[in-house]
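Following: one structure in structure tokens, then a few remarks.
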Amino acid sequence: MKLFKKSYIALIGLSITAFSACSDQIFTEINTDPNNPTTVATTSLLVSGQKQALNAIRSESIHLRGAQLFAQYYAQNIYTDQSRYLIPVDYAGSFWNSAYLSLNTFNEIIKLNSDESTKAIASAGTAGTNANQIAIARILKSYVFHNLTDVFGNIPYESYGNKDADFEALQQAPDILTPKYASQQKIYADILNELDQAADTLYKYQTQRTFGASDIIYKGDNSKWYKFANSLRLRLANRILAKEPAVAKQHIEDALAQGVFTTNSDNAVFKYSTNSPNEAPLFRATVIANRKDFAVSNVIVEALSGRRGPFTHADPRLEKYANPNEAGDYVGQPYGLPLEAGNIFPYNRISLPGSILNAADYAEVLQEYAEVEFLIAEYKNWDQSHYEKGVKASLEKWGITAAAFQDYINSLPSANQETVLTQKYFALYGQGIEGWSELRRTGYPNFIVKKGDLLWSGTVGGTPKTYYFEPEVGNAVPSRLTYPLKEQSTNRSNYQQALSEQGDDIINTKIWWNK
């Protein structure tokens, strides 16, 4: 499994080429000579790794044609197969390879800051101390591994602080080309500890700066990074609260005590560039590729219009999430139509993703303040105050006007499981894997399209037509993606061991935290 052994020179090449055409000042620190790769700057590795990670997690294969459809934020209006859960096997492989590539890059930062022969060079200039660089790399690794395990379940995993025999991914000296698959239960426990330890380091040195302008996410602000580590810990601990209540509660209470996001200025976002080849993933998949087959689904349009779900007041975020059609109306593409009905709604008659989301320099969200408030509201038994703070944070993030903002807040029904989790679903729009994960974990929103639901009834070419939702694979929202085909041949024994522990390699096999 050679993807776990990326050469030093290859990493340097990636760090140089990733933003070579970008003229924005924030991307100007990548200046290593690829023809003389004696030592690569960790600042260059960081900016490459961050872009690699977000490109992987928000890629067309896993995000646009996977999670955004599974969560029913988007609906296909031409080729509708993925809306009906028919997922090409190469989608999993593309995400897997790209995600592990970014993990290798972050791991290289840790190695350079740990090796006695490179520690001094690694911490030179604006890079910051060895300990702080390692802490930030641990957070980013945790974020990528968290997304990988939420998509597949058991995966090859590596830890900085835990030398568990099952954690064999990314290993070199000696090389491990066929790593074991760690259980998701072990992975979650270790990620929580990694985030805890990284947060402790950055909290201790919160006034210091690390990586300088090469840190696209936080511009080197350690105080932001420790809040992100704690907020991410809050997310993961909440996810396993029903499975590991004692462990989860300890992490939740500790994260809240040390400090989580308290304002939208804390949001962890990676802002892309208007300069090629550094545009945001959705822009590349639609504008550059000249495609209009990802529409906003009727599920989210109707819910935000007050015609589906527990909220009856029009949500001002609709005009941010979607563009009106040529008639000036917001019309969602019916989710999950069969292939023969894919062109009933031409792109000019339906709503495509909003201009904010589809901008070249869109800021992709890793985690935001609104989610933190909803997590706290849930943990505190559907707390009204935190529920309202979560809604306000989401509205403010999207730039809703003061009048529309207050009108909507005044219309909110009281906090309960349905209202809090539905508002969380709204806030996670555009964060496909997380929206899909929460749908799997909670079952909310409970108004998504299900097998047998009426999708559309009308006349096509003079012939009456009625369509119901009939998935191509399975009977419900996918629980996971299948492992890449390459794993079955190059890492077969460990792949089979993973199946013996987790279950069949099919999309309806539930992963550990969802069983």
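Quick notes on this structure:
- The listed residue being at negative phi and surrounded by 21 or more Cβ atoms within 10 Å (Cβ to Cβ), out of Ser414, Ser437: Ser437
- Residues being in contact (Cβ under 8 Å) with a residue 40 or more places away in the chain and hydroxyl-bearing (Ser, Thr, Tyr) - total across region 149-163: 2
- Only residues that are surrounded by 23 or more Cβ atoms within 10 Å (Cβ to Cβ) and farther than 14 Å from Leu421 by Cα were counted across region 369-392, and they come to 1.
- Residue within region 179-200 that is within 19 Å of Leu366 (Cα to Cα), touching a residue at least 40 places away in the same chain (Cβ under 8 Å), of a type in the set (Ser, Thr, Tyr) and touching a helix residue (DSSP H, G or I) at 6+ places or on another chain (Cβ under 9 Å) present: yes
- All told, Phe283 falls short of being among the aromatic types (Phe, Trp, Tyr) and in contact with a Leu (Cβ under 8 Å, 6 or more places away or on another chain).
- Per-region count, region 393-411, residues surrounded by fewer than 16 Cβ atoms within 10 Å (Cβ to Cβ) and either in contact (Cβ under 8 Å) with a residue 24 or more places away in the chain or farther than 19 Å from Ser265 by Cα (or both): 10
- Near pairs, Cβ below 9 angstrom, 6+ apart or cross-chain, from region 381-392 (within 11 Å of Ala427 (Cβ to Cβ)) to any residue that is modelled with pLDDT of 95 or more and outside any helix (DSSP H, G or I): Val391/Leu412
- Residue within region 290-304 that is more than 25 Å from the chain's Cα centre (by Cα), under 20 Å from Thr466 (Cα atoms) and of a type in the set (A, V, I, L, M, F, W, C) present: no
- Exactly one residue out of Tyr181, Tyr160 is surrounded by 22 or more Cβ atoms within 10 Å (Cβ to Cβ), among the aromatic types (Phe, Trp, Tyr), touching an Asp or Glu at 6+ places or on another chain (Cβ under 9 Å) and on the phi < 0 side of the Ramachandran plot, and it is Tyr181.
- The one condition in (1) farther than 26 Å from Leu202 by Cα; (2) in contact with a Leu (Cβ under 8 Å, 6 or more places away or on another chain); (3) in a helix (DSSP H, G or I) that Lys292 fails to fulfil: (3)
- Test result for Val269, surrounded by fewer than 20 Cβ atoms within 10 Å (Cβ to Cβ), touching a residue at least 60 places away in the same chain (Cβ under 8 Å) and part of a strand (DSSP E or B): yes
- Flag if Tyr79 is closer than 22 Å to Lys51 by Cα and either in contact (Cβ under 8 Å) with a residue 12 or more places away in the chain or touching a Ser or Thr at 6+ places or on another chain (Cβ under 8 Å) (or both): no
- Of the numbered criteria (1) in contact (Cβ under 8 Å) with a residue 40 or more places away in the chain; (2) under 24 Å from Leu439 (Cα atoms); (3) over 22 Å from the mean Cα position of the chain (by Cα), the one Leu485 fails is (2).
- Helices (runs of 4 or more DSSP H) contained in region 330-435 and holding at least 3 residues more than 28 Å from Pro478 (Cα to Cα): 384-397, 402-411
- Residue count for region 201-219, restricted to those that are more than 29 Å from Glu168 (Cα to Cα) and touching a helix residue (DSSP H, G or I) at 6+ places or on another chain (Cβ under 6 Å): 8
- Of all residues assigned to region 161-182, at least one qualifies as being among the aromatic types (Phe, Trp, Tyr) and outside any helix (DSSP H, G or I).
- All helices (runs of 4 or more DSSP H) inside region 28-143 with 3 or more residues being buried (at least 24 other Cβ atoms within 10 Å of the Cβ): 42-57, 89-114
- Some residue of region 449-471 being assigned to a helix (DSSP H, G or I), over 21 Å from Tyr79 (Cα atoms) and without any contact (Cβ under 8 Å) to a residue 60 or more places away in the chain: no
The values are calculated or read from the model by the stated rules, or taken from the named source; none is laboratory data. The structure displayed is predicted, hence computed values, not measured ones. No Cβ is skipped: glycine too gets one built from the backbone with ideal geometry, and neighbour counts run over all protein chains shown.
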